[in-house]
Amino acid sequence: MAHFSGVNSWFFTLLRKLLFLWVRGNVIGADRQQLGLDPDKPVCYVLQYSSLSSRLVLEQQVIKAGLPSSQKPLPVAEGLRRSFLFLYQRQGRMLRRRHSPALTPRLKELVQLGYQDPDQEVQIVPVSLFWGRAPDKERSLLKLLLSDSWSVAGRLQKLLIIMLHGRQLFVQFNKPLSLQQIVAESDNEELARRKLARILRVHFRRMRQAVIGPDLSHRRTLVNSLVRSQAVRKAIKATAAHEDISVEKARNRALNYAHEIAANFSMTTVRIFEKLLAWLWNRLYDGVKVNNVETAQEAARGNAVVYVPCHRSHIDYLLLSYVLYKNGLIPPHIAAGINLNMPVVGQILRRGGAFFMRRSFRDNPLYSTVFNEYVHVMFCRGYALEYFVEGGRSRTGRTLQPRPGMLSMTVRSYLRDHKKPIVFVPVYFGYEKVLEGRSYMGELQSGTKRKDSVFSLLGSIKNLRRSFGQVAVNFGEPISLQQVLDEKQPQWQDHNYGPDDRPEWLPELVDDLAFRTVTGINSAAALNPVNLLATVLLATERLAMDESLLAKLMDDFAGLLRHNPYSDRASFPEGCGSEWIAYNERMGIVSRRKQQLGDIILLEGSQRVLMTYYRNNVQHLFAMPALVVSLFQNNATLERERLISLAASIYPYIRSELFLRWPEDAIEAVIEGWVDQLVADGMITQDGSLLTRPEAGTADAVRLKILSHSIVQTLERYYLSVAILRKFGSGMITPAELEEQSSLLAERVSVLFGLSAPEFFDKTLFRNFIANLQRTGILTCNEEGRLEYRRGLELVAEEAQLVLSSELRQSIMQVTNVNV
């Protein structure tokens, strides 16, 4: 179906309608508001290749979207005969015709128009079309048959493509270019033509990489190339020498490792997954809300993208691949645990893009080398990757401490070859009900973690009739690896790094990158009716509240974050408090007790523990205002300067635990902002420099107490460790012993005070707090590995009186014989 200009209007319309009797597809960006089009300025569409089928598709989609027609003349004084142009045109004769990057007459006319009338603006909209979205295979017969460079004339070729891929059409409209800007930035007409053509060529090339991905090697070819690489050959010889085995035996072992690791990506499998997952989401969820996906779309153009999501459920990787595919991006290759590489299931996952890794391979240098080389090849070829920096799924709902393994491999690969930029894209999953909720609840109550497996996922979704509410997929701010390296190690490009190189500054840089990644995830958090209700109800003694008061508090807390957002990537629920309560009731999360003076909403049974999971999802959003008001727990008044100083001194520990986004040297301004917001909101009052809490029994006092609860337990946990240290004395206890004793005391306190948060005595959180005390110099380890402390610890203990209730202080004193 080659382009010919003599097609008249009625015949063109007939062909368009006939074509779309067969053709079906996915269209992205065909929206005037989304494109940012000015209705008073003409629009000219740009297609990459000249073909009648492309024209037919373009006109069908602009009509459907209510955009200006591509077939009408460009509405300017000396306008083009049509409102579209091709970037490439066919040149040559008969069997030698092929698309060429030569400047097309219409492109020249468009630029000439801009020079003839500099005030005439034209919005140039690139439109990308893909018939099928399968990456090419090297030496593939189908690639030769259907490639645009095939030597047979184009009409038969395009007909075959439409017959084969007509149901997998993908069309993407992109943000317009400004003709005026192109002309203004060029010295003459010829340079303007070349600049516009170059911009469009780069755009279409990057779009192809984002949507189609780089060419795929056959799996066997890739595996063999890994074993032939210099780094792996060196490791094979070292293994043979170390274990006293033949080189051939070591090589076969490396080959087996490569087969065990490598994915076998299949677009056919991805399309099958798309249909199955669309059905599954419709059965499980009331909707999937995607926010800031344009971040991923932009990052995928010209970069090797690493998607770094939080890990809350087995559904995570399926959901992300589905969302990316539906939004015009190639699904990533996913790092999966070797426990998922089971018969049948493992092969299906491989074809969906999974590559498998062992939990630990520190003591297996040959496996480590093969795996590192595989990751390096993926990045060098520009594949999108996905891995979970937390390692495993979070059972508490909090973002877990990041593990440096995959990040370190990524950095080392980029040091070896940085021709292809690497960009990390954080992703946050906001579930209203997590599939594994019952399993997590059992683990939280028993303290025993179950082993991950596909069977646990199948067990979670066996009852598809249950509603799991909505799920939000929020994309965070991209992180450029080159920018991080330039910032932390400006001379990093002065050295040629090899596969075995590990510069001494690498661990510190990887730790910094890991922290940026998890804070990026948290910055894209999703507030929803479930975690908002959990935040309020779990702060009550009986886990129950008057319905009208509960609705007001939910409105107030959501409004607090809207007025002073945690970040511009966070998302908020629609509706109001009363609607959110009704929604939770329909979901079976809360119970209602009828009462003449007003209905009471309460959490009952197993929901008490499970709701801590959802509260923890968004605890960091409320951390700063909660920290400010918590200092009024045992103080009616505080000088503003004193409050800011206290909050700033506590902040580093909270930041490390909750992965808060603000650097320590900028936190005082953030606290100032929250004090102003809380004063404006009426939660505290200010007279000169004196801040005062509300009078007891007032509505504002209730709000203050409920809000402070979300951070008070965290502060209480810190002071438990301080009390244990002071009980044993300086130089008398090791970090491991302090961690164990702190956990035991916290567990005792949780029972005595009825705390329904199992993470309150989580050893990992105590370990992190102890490490931070060491980082700040308050604690040091002596030669015997025991902790010694200085005056700073006494100051921390004194500050405890501002937060801890008298009952809790008494309980700690009874156990430790230390005044707190």
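The values are calculated or read from the model by the stated rules, or taken from the named source; none is laboratory data. Predicted, not measured: the structure shown is a model, and the values here were computed from it. Quick reminder, even Gly has a Cβ in these numbers, built from the backbone with ideal geometry, and neighbours come from all protein chains shown. Ligands, DNA and RNA are excluded from the accessible area calculation, which covers all protein heavy atoms including side chains. Shrake-Rupley method; radii C 1.70, N 1.55, O 1.52, S 1.80 Å.
Observations
- Cβ pairs under 8 Å, 6+ apart, first in segment 398-417 and within 15 Å of residue 377 (Cβ to Cβ) and modelled with pLDDT under 95, second open to solvent by 30 Å² or more (accessible area, probe 1.4 Å) and β-branched (Val, Ile, Thr): none
- Of everything in segment 691-736 that is of a type in the set (Ser, Thr, Tyr) and part of a helix (DSSP H, G or I), the residue that is modelled with the highest pLDDT is 708.
- Residue, surrounded by the fewest Cβ atoms within 10 Å (Cβ to Cβ), within segment 476-492, restricted to residues that are in contact with a Leu (Cβ under 8 Å, 6 or more places away or on another chain) and more than 23 Å from residue 293 (Cβ to Cβ): 488
- Among the criteria (1) of a type outside the set (Val, Ile, Thr); (2) in contact (Cβ under 8 Å) with a residue 24 or more places away in the chain; (3) at negative phi, the one residue 731 does not fulfil is (3).
- Where residue 337 falls short, out of the listed (1) open to solvent by less than 40 Å² (accessible area, probe 1.4 Å); (2) more than 22 Å from the chain's Cα centre (by Cα): (2)
- Number of positions in segment 397-427 that are open to solvent by 20 Å² or more (accessible area, probe 1.4 Å) and not in a helix (DSSP H, G or I): 10
- Residues within segment 786-820 that are open to solvent by 20 Å² or more (accessible area, probe 1.4 Å), at pLDDT 85 or above and under 19 Å from residue 743 (Cβ atoms), tallied: 1
- The single condition among (1) among the small types (Gly, Ala, Ser); (2) modelled with pLDDT under 95; (3) open to solvent by less than 40 Å² (accessible area, probe 1.4 Å) that residue 688 does not satisfy is (3).
- Scanning segment 349-375 for residues that are part of a helix (DSSP H, G or I), open to solvent by 20 Å² or more (accessible area, probe 1.4 Å) and either under 16 Å from residue 264 (Cβ atoms) or not small (Gly, Ala, Ser) (or both) yields 349, 351, 365, 369, 372.
- Of the residues in segment 567-580, none is hydrophobic (A, V, I, L, M, F, W, C), part of a helix (DSSP H, G or I) and in contact with a Ser or Thr (Cβ under 8 Å, 6 or more places away or on another chain).
- Test: residue in segment 370-387 that is closer than 24 Å to residue 658 by Cα and at pLDDT 90 or above: yes
- Looking only at residues in segment 717-738 that are more than 17 Å from residue 812 (Cβ to Cβ) and of a type outside the set (A, V, I, L, M), the one that is least open to solvent (accessible area, probe 1.4 Å) is 731.
- Taking segment 498-539 as the range and being surrounded by 18 or more Cβ atoms within 10 Å (Cβ to Cβ) and not in a helix (DSSP H, G or I) as the test, the residues that pass are 499, 524, 525, 526, 527, 528, 538, 539.
- Residue under evaluation residue 742, criteria (1) open to solvent by 20 Å² or more (accessible area, probe 1.4 Å); (2) touching a Leu at 6+ places or on another chain (Cβ under 8 Å); (3) without any contact (Cβ under 8 Å) to a residue 60 or more places away in the chain; (4) not acidic (Asp, Glu), criterion not met: (1)
- Members of segment 632-650 found to be closer than 18 Å to residue 792 by Cβ and touching a Leu at 6+ places or on another chain (Cβ under 7 Å), listed by number: 646, 647, 650
- On the stretch given as segment 540-578, residues that are within 21 Å of residue 593 (Cβ to Cβ) and crowded, with 16+ Cβ neighbours inside 10 Å total 12.
- You will find that of 456, 467, the residue that is within 16 Å of residue 317 (Cβ to Cβ), at pLDDT below 95 and either of a type in the set (S, T, N, Q) or not in a loop (DSSP other than H, G, I, E, B) (or both) is 456 and no other.
- Segment 207-258, residues that are modelled with pLDDT of 85 or more, of a type in the set (D, E, K, R) and not in a helix (DSSP H, G or I): 244
- Helices (runs of 4 or more DSSP H) wholly inside segment 130-184 containing at least 3 residues that are buried (at least 16 other Cβ atoms within 10 Å of the Cβ) and either at pLDDT 80 or above or at positive phi (or both): 179-184
- Criterion (of a type in the set (A, V, I, L, M) and either part of a loop (DSSP other than H, G, I, E, B) or surrounded by fewer than 24 Cβ atoms within 10 Å (Cβ to Cβ) (or both)) met by exactly one of 627, 610: 610
- Looking at segment 259-348, the helices (runs of 4 or more DSSP H) lying wholly inside it that each contain 3 or more residues that are hydroxyl-bearing (Ser, Thr, Tyr) sit at 315-326.
- Taking first residues from segment 650-674 that are closer than 25 Å to residue 559 by Cα and partners that are outside any helix (DSSP H, G or I) and open to solvent by 30 Å² or more (accessible area, probe 1.4 Å), the Cβ contacts under 7 Å between residues at least 6 apart in sequence or on separate chains come to 670/662; 673/564; 674/564.
- Residues (surrounded by 17 or more Cβ atoms within 10 Å (Cβ to Cβ) and not in a loop (DSSP other than H, G, I, E, B)) located in segment 110-125: 110, 111, 113, 114, 123, 124, 125
- Residue within segment 254-271 that is over 30 Å from residue 422 (Cα atoms) and in contact (Cβ under 8 Å) with a residue 60 or more places away in the chain present: no
- Subset of segment 287-325 [charged (D, E, K, R), modelled with pLDDT of 90 or more and surrounded by fewer than 23 Cβ atoms within 10 Å (Cβ to Cβ)]: 289, 294, 298, 316
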